[in-house]
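Take a look at the structure below.
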Amino acid sequence: MTDIIQLLPDHVANQIAAGEVVQRPASVVKELLENAIDAEATEIKLIIKDAGKTLVQVIDNGKGMSITDARLSFERHTTSKIKTAEDLFQINTKGFRGEALASIAAIAHVELKTKRPEDELGTAIEIEGSKVKSQDVFVTPTGTSVAVKNLFFNIPARRNFLKSDTVELRHITDEFHRVALAHPNIAFVFYHNGSELFHLPQENYRQRVVHIFGSKTNEKLVPVEEDTEVLKISGFVGKPEYSKKTRSEQFFFVNQRFIKSPYLNHAISAAFEGLLKTGYNPSYFLNLTVNPETIDINIHPTKTEIKFDDEHTLYAILRSAVKHSLGQFNIAPVLDFEHQSSLNTPYSYKDKVGKAPTIEVDRSFNPFLDDAHKKASGNTHFKKSPATHWESLYVGLESKDNSLENDFSNVTFENDSKTEAIFSDDSVETNKTTFQLQQKYIVSTLKSGMLIVDQNRAHQRVLYENFLKHVTIKEATSQQLLFPLQLHFAPNESKIIKDLKTDLEHTGFVLSEFSDQAITITGVPVGVPENEVSSIFEQLISDVENDVPDANFSATDLLAKSMAKSLAIKNGKILNHTEQEHLVNSLFACKEPNMSPTNQPTFITMSVNDIEKKFI
Ligand code: ADP
Ligand code: MG
């Protein structure tokens, strides 16, 4: 039998290893920025073309490399950052594996130019797919420039796997944010396709946060400082009222390295307990300093997770430090005995017009009718709540259109033909009673059995189709706001909204004045309450960010889904009889009533047959 195990050729091994380090252009950005920081640069320039697919270049004014080092830097496991195994426990640099440049050079065209301060002339090297194409002595400023072109040129499958420019640029921006936040003492500039996205001078931490996330951020930052033997904390948390639906403003840095830690995130949430609306996340920008010997950053290839020796202590210190800050800045209602929150006007009522109580007399009420009759005519007379503006829930729907009712009765459900005859008695069938179960489901009778509709999902479907219709036929009506509404965003968030501008306008929003940090809204779709607008936009940004849409992503679809999600009737909302019927009718007037926009069932049916089986 012949041996079958072979040593992989170097270029194959390099490509495989590269797959671990380089997933997308943003990975290259991260590695190059970190190398520049390790080289003690004070100014770093990031230049990107086509979301990194054509070019990622980082230019620094750091300590540069000698000719030999420049050549060696592209070999696997060559690093200047650790020499002995013990060094692994004292890591103060970003890199230490000596893998990044070798990996990048295996799957791209790389041009390196570098010069040390003490040298007269520098070195230029060109490498393509791990092969050195040229090496020259070169006149170049002190520092290093690494240009990475045509990423994945030799792995078409990986190249095809890249997402749209918008998505890849978002990943790059995320990496840039992380590095720039961890190093406010370094100046950064970031260009994409020739336009400057960020220009950050050397500054203090507060200025850096504000520069990245927009000037409005300044007033929302609450400082957190703590210095203990095991842990030093410095940075900011956002005031509770500025919490966001997205997690885009949550940053932990441990020894100036961005990390993700669900456990420590929980410590912050615990400190905010009772201060946030459900579904909202606190913002934080926190730098933790610990002894490098007490952490292990080696457990994850892309190094955003680390292991602490004593997580429990860190958790406790972090939670109490944040709690203390919130209390000190009078944010937590700790000592506020006089304030009774039940007396506050609920948020959603803020802009509603007050309505004088009215007494409704049911003129058709006849106390002498027998009980059975009363039930059949719907036992809702006494509780009938005035139908105040509930129609506004059905944005733009032709709510007076009774033909919908007819559509509903035409809908046929799969049923067992044998049982069909049972309810053929008209008096039962036409008396379409609906009722609400657990403030969540609407139950109704069908010819063949029972219908149970999920109110939230059903309404999402109705709104979704409605928005889609408006966007496609471009004829939404909007209502002018008396006072224009200004919403503040971080530059990358503004960009998301800007990209969706046309679609938003087709749904009825009127957007004027765009800046990097704010958007002015002068009109909203008819029926959309003004106080919902900011949360609609928050939700939209969060959806775009989390959806990481792919090539066949349609902005229109995402927008319609997101708006439907924001505006749909929530579970827990009590609906009166008319509202229940209207919702059910509107659902079955939809093109695809069976599924919510996110593909969850909107209703189930139970045939009499099913019910009968239960009684056996
Ligand atoms: P690591 O950062 O893990 O050491 P890299 O492959 O990223 O591995 O880099 C290899 C070596 O190249 C580094 O250890 C460093 O000595 C050198 N190097 C890389 N980038 C720069 C830079 N911008 N300035 C100076 N030296 C650099
Ligand atoms: Mg490195």
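Observations on the model:
- Surface share of carbon and sulfur [accessible, 1.4 angstrom probe, percent] for segment 435-605: 51 percent
- One quarter of the convex hull surface built on the alpha carbon atoms of segment 435-605 amounts to 10.8 nm², the projected area averaged over directions.
- Here is the result for segment 130-232: no trypsin sites (Lys or Arg not before Pro) lie in DSSP coil with at most 15 other C-beta atoms within 10 angstrom of their C-beta.
- Computed over segment 10-200, Kirkwood Rh from alpha-carbon pairs, angstrom: 16.7 Å
- Solvent-accessible area per residue, Å², over segment 10-200 with all protein chains present [probe radius 1.4 Å]: 45 Å²
- Between the beta carbons of LYS131 and GLN480, assuming R0 = 60 Å, the FRET efficiency works out to 0.40 to the nearest 0.05.
- Once you reduce segment 223-257 and segment 96-174 to the center of their Cα atoms, the two points are 33 Å from each other.
- Accessible surface computed residue by residue for segment 435-605, with neighbouring protein chains in place and a 1.4 Å probe, gives 43 Å² per residue.
- Rg ratio (alpha-carbon, reference 2.2 N^0.38 Å) - segment 1-106: 1.24
- A straight chain from SER215 to LYS501 at 0.36 nm per residue would run longer than the Cα-Cα distance by 100.7 nm.
- Dipole magnitude for segment 54-96: about 40 debye, using +1 per Lys or Arg Cβ and -1 per Asp or Glu Cβ, origin at the Cα centre.
- For segment 488-531 and segment 1-62, distance of Cα centres in Å: 37 Å
- Angstrom value of the Kirkwood radius, inverse mean 1/r, which spans all Cα pairs in segment 118-275: 19.4 Å
- Rg over Rh [alpha-carbon atoms, Kirkwood Rh] for segment 213-328: 0.96
- Measuring nothing but protein heavy atoms, the accessible surface of segment 213-328 at 1.4 Å probe radius is 47 percent carbon and sulfur.
The values are calculated or read from the model by the stated rules, or taken from the named source; none is laboratory data. Keep in mind the model is a prediction, meaning the values are calculated, not measured. As a convention, Cβ positions derive from the backbone with ideal geometry for all residues, glycine included, and neighbour counts pool all protein chains shown. These area figures cover heavy atoms from the full protein model, side chains too; ligands, DNA and RNA do not enter into them. Shrake-Rupley method; radii C 1.70, N 1.55, O 1.52, S 1.80 Å.
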